[in-house]
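Data first, discussion second: the structure below is written as C-alpha cells.
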Amino acid sequence: MKYKLLLISLLAMIHITPFAQNATRNQKMSKLISENFALADSQYRYMMKLIPTGELPQTFDKNTKQVLTKEITWWCTGFYPGSLLYIYEQTKNETIKAEALRALKVIEPNQTYTGNHDLGFMMYCSFGNAYRLFKDEKYKQIIFKSAESLATRYRPTLKLIQSWNKNQYFNCPVIIDNLMNLEMMNWVSQNGGSSQYQKIAETHTNTAMKVFYRPDYSSYHVIDFDEKTGKVLKKTTHQGAANSSAWSRGQAWGLYGFITMYRSTKNAAYLAHAKNIAQFYLNHPNLPVDLIPYWDFDAGQQPFAKRDASAAAITASALMELGQYSSGAEKEKYINAGVKMLESLSNDHYRSKYGENGGFLIQHCVGAYPFNSEVDVPLIYADYYFLEALKRYKDWYLK
C-alpha cells in the first residue's frame, strides 16, 4: 500500500511539475512584459523630442549624442511607427498614438516605391499594425498598393523576388532577408487582393529553400543570378564574416520567414524547415549561454566578437510563434529559449535605462560589421521585434 501511494505521488508530481513551471515562468514574464512596455512608453516619448520634423529614427550616436535618421525609403523606416503601435496597444497612451500616426504619414509615399524588396519591412510592420488596430480602410489600400509595388520585382527566370538592383557587387542579387517581405504578400491575397501575390510568395519560398540553405540548415546571405537565364553566379555574403559563414541576423530572418509562410499556407515543408533552422541556431556551439549571438556564428575572436542583440530579438519573436505550431517538450524548448533571450535582452547590459541611447530600448546591435556600419549600437528593428516578442508571449502564453 505504501509503495502504491508513493507511485501515485510520483505520477502526480510528473503531471503537476510542467504546470508549476509554466506558472512560475508566466509570473516572471508578466512582470517583465509590464516593466518593458512601461519603459518603452517613457523612452519613446523621450525619443520623440529628439527627432527632426519629418524624419524617423534609425540609431543613436553616442559620440554626438544625436538620434540618427534615414531617408524614408531606407528599409527600416516602418519599424518606428510599428514599435509605437505595439506600445500604444499595451499602454493606450494617446501621445504615443499621435506620434505613430505622424510617422505613418511620413512613410506613406513608400507604397509606390519599387527601388528594392523592402516594402514588407517598411509598409507591413507599420501600416499592417495600424490596420490591425484601427481598421481604417485607407491603411488597407496602402498595404495593397505596397504589395503591387513589391510584385514588380518578381523575376520569373529566377522564381524569386529580386532584392537589390544591379550594382558594383552584384548582377541580380537576392538576399535571405527577402523572406520577411512575403508576409505582406500573403496577407493581401487572403484579404481581398489578387491571389497572384501569394503565388509569388510561395514560389519565392520554395526556391529559397533550395538555393539558400546548406546541409546543416545555415543560410547564405546573398545569391547572385544571371537574370536572363536564372543561373546562379555566386553564393556569397554582404554583411556576414565570410561567404561560407552563418551571419546571425540572416539565420533569424530565415527562421522568422519560414514560420510566417507556414502560418499563411500550412505547408508542412515550411514548418519542418523552420524547425531545422531553429535546431541549427539553438544548438550551435558558438551560441553564448545568454542566447544573444555573436554578429556571425563564425565571426572568430569569440568571446570578444561583437554580439548582435537585434538577431536575438528577431529570433525570440520567431520562437514564440514556432511554439504555437509545436507540442510537448519541443514546444517548451522553443518557448523557453525565446524567454531566455527576452530575459537577457531585459538585463542592464542590453536594455537601456530611461533617457539613455536617445530613447532606444535595446543596445549592442550590429548592422553591417564588414563596412564598420552600425556596430555596437541600438537599432530600431531590435526594439520592434523585442516588443513584438513580448506581445506574442502575452497574447499566446500568459493565461
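Please treat every number below as a calculation from the coordinates, not as lab data. No experiment lies behind these values; they were computed from the predicted model shown. Note that we place each Cβ from the backbone using ideal geometry, even for glycine, and neighbour counts take in every protein chain shown.
Couple of notes before you dig in:
- The ranking of Trp396, Trp187 by Cβ neighbour count inside 10 Å, starting from the fewest, reads Trp396, Trp187.
- The stretch 161-205 and the stretch 110-124: distance between their alpha carbon centers, rounded to Å: 10 Å
- Charge dipole (debye, nearest 20) of the chain; +1 at Cβ of Lys and Arg, -1 at Cβ of Asp and Glu: 880 debye
- Over the chain, relative contact order from alpha-carbon pairs under 8 Å, at least 6 apart, %: 16 percent
- Burial ordering of His364, His284, His117, fewest other beta-carbon atoms within 10 Å first: His284, His364, His117
- Working ranking of peptides 254-261, 233-240, 172-179 by packing, defined as the average number of other Cβ atoms within 10 Å per residue, highest first, is 254-261, 172-179, 233-240.
- Label-point separation in nm, Gln27 to Asn206, each point 7 Å along Cα→Cβ: 5.1 nm
- Per-residue ellipticity at 222 nm, computed for the chain from helices alone with -39500 (n - 2.57) per DSSP H run of at least four residues, works out to -17000 deg cm²/dmol.
- Those lysines that a straight Cα-Cα span of less than 22 Å connects to Lys266, excepting residues fewer than 8 apart in one chain: Lys159, Lys199, Lys210, Lys275, Lys331, Lys333
- log10 of Debye I(q)/I(0), alpha-carbon scatterers only, for the chain at 0.08 Å⁻¹: -0.41
- Sorted by Cβ density within 10 Å, fewest first, the residues Asp118, Asp290: Asp290, Asp118
- Taken as Cα centroids, the stretch 344-399 and the stretch 306-337 sit 15 Å apart, rounded to the nearest whole angstrom.
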